[in-house]
Each structure stands twice: as structure tokens, then as C-alpha cells.
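Input: a single structure, listed below in C-alpha cells.
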Amino acid sequence: MEPKLEKQFVDLLEKNQNIVHKICRLYTNDADAHNDLFQEISIQLFKAYPKFRGEAKFSTWMYRVALNTAITLYRKSKKRIRTQDFDTVMFKVASEDYDNTVEEQLKLMYSAVKQLNDIDKALVFLYLEDKPYSEISETLGITEVNARVKMNRVKKKLKELLNS
């Protein structure tokens, strides 16, 4: 990649890196896996950047590449033996003044979302990022109507998961 194009890519990645971090959080369970996925997504973005034509916003293109990379690696990791997450067995001491209600609700929500299939996870993620259905459909490669229908089904499924 030519230096000018490389600098442009690095600037855009730095500006939009939170997108990648959010996707990593959704598809990983610990810091090491998060860092590995972040690195892999960054590599895939770097490789694909010369082909980015600017027909969509950079962030939309970035979501698509990042989600495709995460989904591909997630599917490969499902074939491995699952082990206990270290974070779930650590003892935590709560301060009396600290109200962790929101944190606990977020943990429950992430736990429910992680039980969804990979495409539904991506759909929820983009929805929670306040992306319009037109952008969600473009990012996931489905019709806008399909995105709306899938989202309604996923909402029902999440309610069931959270209420069980």
C-alpha cells in the first residue's frame, strides 16, 4: 500500500476504532481474545482498504468487514472446546455506595445477546448503535424489510431470554 493511502487508512482506523472495540466486546469473553480479534479485524481492514471505493460511508464499510471477520472467527471458535471464563469465577467486592444496577443489567443484556446466532448479534449491535435500517441492511447484505422483520423477532427472543 502506498504511504499516502496507508496514512489515510490509519487516520480513519484511529478515528473509528470504537466500532471495532464494540464488535470485539460482543464476540469475545476476555481481554486476550478481545485484543486478538481487534488485531485480526485491523489486519483484514488494512488488506481490504485499497479496494474501498467510497460508495458507502467508511464506518458502514468498516462495520461490514469487522462483523464478517468476527463472525468467521466466531464460527471457527465454536468448534473448539469451551472452558470456564476466568472473569466469571473471580470474586468481586462491591462498595456500599456503589449501585451496580446498570452494570448488572448490561451484563444480563450482553449475556442474552451472546446466546443469539452470529447474524442476529450483528443486527442487535447495529440497532443498539442507532444505525438506521437502511444502513443495517447495507452492512449485513439483506433487504431493509428483512432487517426490520429479523429485528422484531430478535427483540422477542431477547425478551424471552431475559425473562427466563
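Tabulated data for the structure shown
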item	result
Where Cα atoms sit under 17 Å apart: lysine pairs in segment 1-65 separated by 8 or more or lying on different chains	7
In degrees, nearest ten, helix 58-77 long axis to first principal axis of the chain (Cα)	60
Carbon and sulfur %, accessible surface of the chain computed with the full protein complex present, 1.4 Å	52
Between 0 and 90°, nearest 10: helix 3-27 axis offset from the chain longest Cα axis	20
Per residue solvent-accessible surface (Å²) - the chain, probe of 1.4 Å	69
Förster radius 30 Å - calculated FRET efficiency between residue 72 and residue 101, Cβ distance, rounded to 0.05	0.25
Inter-label distance for residue 48 and residue 6, nm, one decimal - labels placed 7 Å from Cα along Cα-to-Cβ	2.2
Accessible-area order (highest first, 1.4 angstrom probe) of the listed residues 27, 110	110, 27
Between 0 and 90°, nearest 10: helix 101-114 axis offset from the chain longest Cα axis	60
Distance in nm between pseudo-label sites at residue 31 and residue 159 (7 Å out along the Cβ direction from Cα)	3.9
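The values are calculated or read from the model by the stated rules, or taken from the named source; none is laboratory data. On a predicted model such as this, the values are computed, not experimentally measured, just so you know. Every residue, glycine as well, gets a Cβ built from its backbone with ideal geometry; the counts of neighbours run over all protein chains shown. With ligands, DNA and RNA removed, areas are computed over all heavy atoms of the protein, side chains included. Shrake-Rupley method; radii C 1.70, N 1.55, O 1.52, S 1.80 Å.
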